[in-house]
Amino acid sequence: MMRILFLCSLVLSLCTCVLAQTTVSIYGSVVDGQTSEPLIGVTIQIGQTGTGTVTDLDGNYELSNIEPGSYNISASYLGYETATRSNVIVQSKGNDAINFELRETQTNLETVVVRANPFQTSRTTPLSLQRLSPDEIKTYPGGNNDIAKVVQSLPGIQGSVAGFRNDVIIRGGAPNENVYYLDGIEIPNINHFSTQGSAGGPVGLLNVDFIEGVELASSAFNARYDNPLSGVLQFDQRVGNQRERQTNLRISASEAALTTEGPLLKKDKTESNTSYLLSVRRSYLQFLFAAIGLPIRPDYWDYQYKINHEIDDYNTVYLTGIGSVDDFSVESNDEFEPERAAQLEQVPIIKQWSTTSGIGWKRRLKNGKGLMTTTASVNVLDNTFSRFTDNEAQTGLLLETTSRETEQKLRYDYTRFVGDWSITGGANLTRALYDNTTEDLIRNQQFSTDLDFIRFGLFGQATTTVLDGKLDVSVGLRMDGNTFTDGGANPLRTLSPRASLSYRLDPKGAWRLNATAGRYFKILPYTVLGFRNAAGEFANRDTDYTSSNHAGLGLEHRIAGFGKLSVEGFYKQYGNYAVSVADGISLANKGADFSILGNEEIVTTGEGRSYGVEFLYQQKLYKNFYAIAALTLYRSEFTGLDGVYRPSTWDSRQLFSLTGGYKAPRNWEISGRYRFVGQSPFAPTDVDASLATYPVFILDYNNLGRNRLENFQQLDIRIDKKWNFSALSLNLFLEVQNVLGAIAPAPPSYGLDRNDGGELVSPRSLIIIPEDEGSFLPSFGLAIDF
């Protein structure tokens with residue numbers, strides 16, 4: 001592999017030497033961050049090069065004769081805070097529009113020098129808010145262009161302990177406590193082979209080539225979002241190229257993706273009002289796993305699209321969608337190995353497809369006094385989950401669940417600017433449909449169910465700045481209801497106020513003190529609501545919304561226009577949490593495996609709490625270096641049927657991540673990520689009970705918290721080299737995951753006792769399967785734009 005990389009590098013370097021230096025143009029627009037009105041005469045500056053220009057009458061700009069490379073690009077305007085886009089990668093082909101949204105200054109300009117700010121602020125969510133740029137996502141070491149893995153570098157964010165799943169666990173909450181939005185349209189899951197009723201999976205679904213930015217809020221949620229308890233992830237998609245057609249081909253260790261974009265109905269204009277963005281991706285993990293002798297065969301496709309049309313200067317409509325087709329099967333090897341035999345018997349067979357499509361209309365009022373956004377969408381998850389006595393032949397059925405979830409959504413919000421106030425109000429309406437047929441021969445349980453009910457919500461948010469620009473204040477109120485659960489039709493039961501404050505401690509705004517408090521609610525998953533007992537009745541119709549009270553206090557310091565240092569304390573108190581009647585444990589401890597969460601009777605009597613402190617240092621590109629260092633110290637505990645607080649499955653107590661990189665001359669880049677997770681609790685296997693239910697294991701939840709895994713650590717390294725030719729740009733990268741060869745901690749794994757020939761030993765018994773040794777995983781990939 002190293003020889004191949006060296007030869008590619010040598011040949012392409014020689015080609016570069018005989019080609020003249022390529023220069024390109026960059027372009028974009030600048031608008032008011034509140035009203036979205038174009039700003040005229042904004043100064044655009046490329047780093048310290050002295051190259052710059054100003055925006056025209058439509059707020060647009062263009063700079064020519066720019067050499068490919070990485071730049072910090074700033075936009076400055078009198079009366080507005082200077083904004084900086086850091087680490088913008090300019091290529092010979094495949095460049096996107098570089099757009100800015102500027103926020104008005106709220107202080108006396110005669111006494112304040114406004115510095116360039118690479119960190120956008122939010123008056124609604126001043127605390128617990130992090131943003132990532134597309135370039136930060138694409139070159140993230142160990143991420144494999146997977147957004148769900150990339151966000152784990154942020155404070156308070158934990159993935160699965162062993163690192164093989166994309167469960168986004170925020171501040172000790174369960175994976176299903178988060179919501180995800182794509183251009184304002186909710187998507188139920190961002191992973192392939194998703195755990196129904198939860199939100200995780202092993203492989204990300206979103207194409208990073210679509211993403212203009214990612215915003216993660218872990219508290220102080222805007223009132224327009226329904227159902228978050230721990231986090232809101234908003235993915236902003238860019239608009240397709242309005243000037244020319246371009247294509248991106250990306251090949252990595254596990255998949256190949258093709259993305260194409262361009263203008264529609266352009267005719268003789270420089271830019272079209274209509275553009276498209278379309279991608280399709282195909283995995284080849286099934287071939288790699290076969291080559292290295294693993295019995296599992298994960299096979300997936302996905303697609304993503306966006307069509308954007310600017311009707312006029314004030315109205316824009318867009319059509320967007322995303323979907324996947326997943327097939328998880330197994331195939332035995334010729335030679336017997338205890339671990340491979342156990343995998344062959346225990347993994348489920350999953351056939352799943354999902355789709356989300358939506359249309360949005362954004363309207364800017366002509367008097368500059370308001371904005372309106374309307375979206376309508378449909379999302380479907382179709383899932384068949386099976387277990388067999390012979391998984392390879394798929395005979396001897398033990399368990400099968402065939403289900404489909406469908407949501408039809410309508411969302412409207414209207415923002416009005418009144419003096420120094422920004423006031424937003426709106427509503428959302430959802431029709432939820434769910435059907436499920438389950439045959440469980442292991443537990444002697446069979447039922448069929450179907451749901452068809454309405455969910456609704458109302459919200460309002462008001463934001464202003466007072467005390468001569470020193471204090472930002474935001475208050476919000478939300479209420480939700482539904483037509484299915486007992487008492488669900490009364491929205492006053494979910495009245496959820498929230499408030500945020502951000503105080504500027506010095507005239508330059510380098511120091512800020514932030515505080516937030518709020519109450520949030522979430523309806524239970526459809527897998528829980530739709531469960532029927534032996535009498536055919538809805539067993540969980542009398543349940544309540546899960547509640548979570550948040551409080552946070554933080555101090556933030558911005559360093560010379562390139563860095564940010566912050567410390568933040570948080571506390572979350574849960575109420576009405578779902579507790580399994582059969583296992584006696586909170587559902588907060590479930591949902592991070594390949595199963596279905598919620599096909600059981602529950603009671604909403606559980607409580608929980610999570611509290612801790614987060615430290616963050618983030619440096620945008622400065623003197624060719626960039627970095628994110630995050631440390632979280634926390635506790636996470638939930639009660640079961642007995643009302644006793646126990647450490648949750650996510651109570652690792654210490655999280656640390658360090659991600660950074662160096663931009664070397666001649667378009668070389670080296671980056672690395674180190675991640676540390678403290679000792680995580682686990683529920684031991686009840687071996688005697690599991691022998692009767694094998695290949696399904698029974699866990700001893702009474703002893704959850706008495707046993708902990710070893711610490712987990714992993715170091716990933718990535719090296720990128722970019723070439724820019726007149727007809728294409730090429731990025732070749734080498735990535736080595738788990739450089740230290742660390743062993744991923746895991747609870748003891750069991751399988752049936754067999755002799756050396758693979759035959760079962762009589763009498764049947766379960767034995768511990770030896771762990772694999774830790775190993776590093778090298779891979780390389782490339783991205784071509786043309």
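The values are calculated or read from the model by the stated rules, or taken from the named source; none is laboratory data. The model shown is predicted, which means the values in this text are computed figures rather than measured ones. Virtual Cβ from ideal backbone geometry, glycine too; neighbours counted across all protein chains shown. In case anyone asks, the SASA skips ligands and DNA or RNA and just uses the protein heavy atoms, side chains included. Shrake-Rupley method; radii C 1.70, N 1.55, O 1.52, S 1.80 Å.
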_Just checking: which of the strands (runs of 3 or more DSSP E) contained wholly in the range 576-670 hold 1 or more residues that are modelled with pLDDT of 90 or more, of a type in the set (D, E, K, R) and within 20 Å of Ser548 (Cβ to Cβ)?_
602-622, 625-639, 645-647
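Does Thr463 qualify as being in contact (Cβ under 8 Å) with a residue 12 or more places away in the chain and either assigned to a loop (DSSP other than H, G, I, E, B) or under 26 Å from the mean Cα position of the chain (by Cα) (or both)? Please lay out each step first, then the result.
On the way: in contact (Cβ under 8 Å) with a residue 12 or more places away in the chain: yes; either assigned to a loop (DSSP other than H, G, I, E, B) or under 26 Å from the mean Cα position of the chain (by Cα) (or both): no.
Against the criterion (in contact (Cβ under 8 Å) with a residue 12 or more places away in the chain and either assigned to a loop (DSSP other than H, G, I, E, B) or under 26 Å from the mean Cα position of the chain (by Cα) (or both)), Thr463 does not qualify.
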*Which condition breaks for Ala393 when tested against (1) without any contact (Cβ under 8 Å) to a residue 40 or more places away in the chain; (2) more than 30 Å from Ala342 (Cβ to Cβ); (3) surrounded by fewer than 17 Cβ atoms within 10 Å (Cβ to Cβ); (4) among the hydrophobic types (A, V, I, L, M, F, W, C)?*
(2)
*Could you check, for the range 544-551, whether at least one of its residues is more than 27 Å from the chain's Cα centre (by Cα) and either under 30 Å from Tyr617 (Cβ atoms) or open to solvent by less than 10 Å² (accessible area, probe 1.4 Å) (or both)?*
no
*Considering only residues that are open to solvent by 40 Å² or more (accessible area, probe 1.4 Å) and of a type in the set (A, V, I, L, M, F, W, C), look in the range 294-339 and name the one that is nearest to Asp440 (Cα to Cα).*
Val325
_Criterion (modelled with pLDDT under 95, surrounded by 14 or more Cβ atoms within 10 Å (Cβ to Cβ) and of a type in the set (A, V, I, L, M, F, W, C)) met by exactly one of Ala535, Ala510, Ala517_ = Ala510
*asked:* Can you tell me which of (1) of a type in the set (A, V, I, L, M, F, W, C); (2) farther than 21 Å from Leu182 by Cα; (3) assigned to a strand (DSSP E or B) is the one Ala290 doesn't meet?
replied: (3)
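Does the range 475-483 include one or more residues that are at pLDDT 95 or above and among the charged types (D, E, K, R)? Quick ask: steps written out before the conclusion?
From the range 475-483, those at pLDDT 95 or above are 475-483; that's our starting set.
Filter once more, keeping what is among the charged types (D, E, K, R): 478, 480.
Within the range 475-483, one or more residues are at pLDDT 95 or above and among the charged types (D, E, K, R).
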*Restrict the check to the range 187-196 and report whether at least one residue is open to solvent by 10 Å² or more (accessible area, probe 1.4 Å) and more than 14 Å from the chain's Cα centre (by Cα).*
no
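Residues to consider are Gly591, Gly606; find the one that is buried (at least 21 other Cβ atoms within 10 Å of the Cβ) and more than 21 Å from the chain's Cα centre (by Cα).
Numbers: Gly591 fails: more than 21 Å from the chain's Cα centre (by Cα).
It is Gly606.
Residues are listed down the side, and each one gets a yes or a no for (1) crowded, with 18+ Cβ neighbours inside 10 Å; (2) out of contact with any Gly (no Cβ under 9 Å at 6 or more places or on another chain); (3) in a strand (DSSP E or B):
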position	(1), (2), (3)
Ala341	yes, no, no
Leu344	yes, yes, no
Lys351	no, yes, yes
Ser354	yes, no, yes
Ile359	no, yes, yes
Lys366	no, yes, no
Thr375	yes, no, yes
Asn379	yes, no, yes
Asn383	yes, yes, yes
_Selected residue (only one of Asp753, Asp720 is under 29 Å from Gln158 (Cα atoms) and at pLDDT 90 or above)_ = Asp720
_Tabulated pairs, the range 617-643, first within 21 Å of Ser74 (Cα to Cα), second among the aromatic types (Phe, Trp, Tyr) and assigned to a strand (DSSP E or B), C-beta under 7 angstrom, 6+ apart or interchain_ = Gln619/Phe625; Gln619/Tyr626; Lys620/Tyr626; Asn624/Tyr662; Phe625/Tyr662
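Does Thr485 qualify as being part of a loop (DSSP other than H, G, I, E, B) and hydroxyl-bearing (Ser, Thr, Tyr)? Before the answer, list the steps.
On the way: part of a loop (DSSP other than H, G, I, E, B): yes; hydroxyl-bearing (Ser, Thr, Tyr): yes.
Taking the combined requirement at face value, the residue satisfies it.
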*Pick from the range 722-756 the residues that are more than 21 Å from Ala253 (Cα to Cα), polar (S, T, N, Q) and assigned to a strand (DSSP E or B): which of them is most open to solvent (accessible area, probe 1.4 Å)?*
Ser749
*Are there any pairs, at least 6 apart or on different chains, whose C-beta atoms fall under 9 Å, with the first in the range 582-601 and closer than 14 Å to Asn436 by Cβ and the second of a type in the set (Asp, Glu) and open to solvent by 10 Å² or more (accessible area, probe 1.4 Å), and if so, which?*
Glu600/Asp583
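Of these, Asp468, Asp472, which one is touching a residue at least 24 places away in the same chain (Cβ under 8 Å), over 20 Å from Gly231 (Cβ atoms) and loosely packed, with under 15 Cβ neighbours inside 10 Å?
Answer to the selection: Asp468.
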*Search the range 672-697 for residues that are surrounded by 21 or more Cβ atoms within 10 Å (Cβ to Cβ) and pair each with any residue that is hydroxyl-bearing (Ser, Thr, Tyr) and assigned to a strand (DSSP E or B) when their beta-carbon atoms are under 7 Å apart and the residues are at least 6 apart or on different chains.*
Arg673/Ser657; Arg673/Thr659; Arg675/Ser657
*asked:* The conditions are (1) touching a Pro at 6+ places or on another chain (Cβ under 6 Å); (2) under 30 Å from Ala582 (Cα atoms); (3) open to solvent by less than 30 Å² (accessible area, probe 1.4 Å), and Asp700 fails exactly one of them. Which is it?
replied: (3)
*For the range 1-120, which fully contained strands (runs of 3 or more DSSP E) count at least 1 residues that are at pLDDT 80 or above and open to solvent by less than 30 Å² (accessible area, probe 1.4 Å)?*
24-32, 43-46, 60-66, 69-76, 83-90, 100-102
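Within the range 214-226, how many residues are open to solvent by less than 20 Å² (accessible area, probe 1.4 Å) and not β-branched (Val, Ile, Thr)?
Of the range 214-226, the ones open to solvent by less than 20 Å² (accessible area, probe 1.4 Å) are 214, 216-221, 223, 226.
Subsequent filtering for residues that are not β-branched (Val, Ile, Thr) retains 216-221, 223, 226.
Going through the range 214-226 one residue at a time, the tally reaches 8.
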*Of the criteria (1) over 30 Å from the mean Cα position of the chain (by Cα); (2) more than 30 Å from Asn731 (Cβ to Cβ), which one Glu310 fails*: (1)
